[in-house]
Amino acid sequence: MPKAYWVAHATVTDPAAYESYRRANAAAFSKYGGRFLVRGGAQEVMEGSLAPRCVVIEFADLATARACYDSPEYQAAMALRLPASVVDLCIVEGWEG
């Protein structure tokens, strides 16, 4: 079964409030085995335009990635994120070549 990933591009509009979201999201990611592969490091956009912050989180599979997003733990964290940032987020299934 292929792994799955959250891929997010974010523009943080309130860094202090966003920090509260970062602390709160740890409960959901821990519970569902989310593992950060990319967490807002330096990026160089080669084509098109992207938000300044990129995040990629790995999960065991698509069902687990979706369950994490729908969980009460993440929904509570997301309530802190919404007023502090603008985010594009997708859940994508990995490829097992």
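Some points to look at:
- Apart from one condition, Ala76 fits all of (1) at pLDDT below 95; (2) assigned to a helix (DSSP H, G or I); the exception is (1).
- Thr11 vs. criteria in contact with a Pro (Cβ under 9 Å, 6 or more places away or on another chain) and either of a type in the set (A, V, I, L, M, F, W, C) or not in a loop (DSSP other than H, G, I, E, B) (or both): yes
- The stretch 14-46 - residue that is assigned to a loop (DSSP other than H, G, I, E, B) and within 11 Å of the chain's Cα centre (by Cα) and, of those, surrounded by the most Cβ atoms within 10 Å (Cβ to Cβ): Gly34
- When the stretch 10-32 is filtered for residues that are in contact (Cβ under 8 Å) with a residue 60 or more places away in the chain and closer than 16 Å to Tyr69 by Cα, only Tyr21 remains.
- Exclusive hit being touching a strand residue (DSSP E or B) at 6+ places or on another chain (Cβ under 7 Å), within 20 Å of Trp95 (Cβ to Cβ) and free of Cβ contacts under 8 Å to residues at least 40 places away in the same chain, set Arg35, Arg39: Arg35
- Test for Val86: is it of a type outside the set (Lys, Arg) and farther than 21 Å from Pro2 by Cβ: yes
- Counted residues, the stretch 5-36 - those being small (Gly, Ala, Ser) and under 17 Å from Leu82 (Cα atoms): 8
The values are calculated or read from the model by the stated rules, or taken from the named source; none is laboratory data. Please read all numbers here as calculations on a predicted model, not as lab measurements. Every residue, glycine as well, gets a Cβ built from its backbone with ideal geometry; the counts of neighbours run over all protein chains shown.
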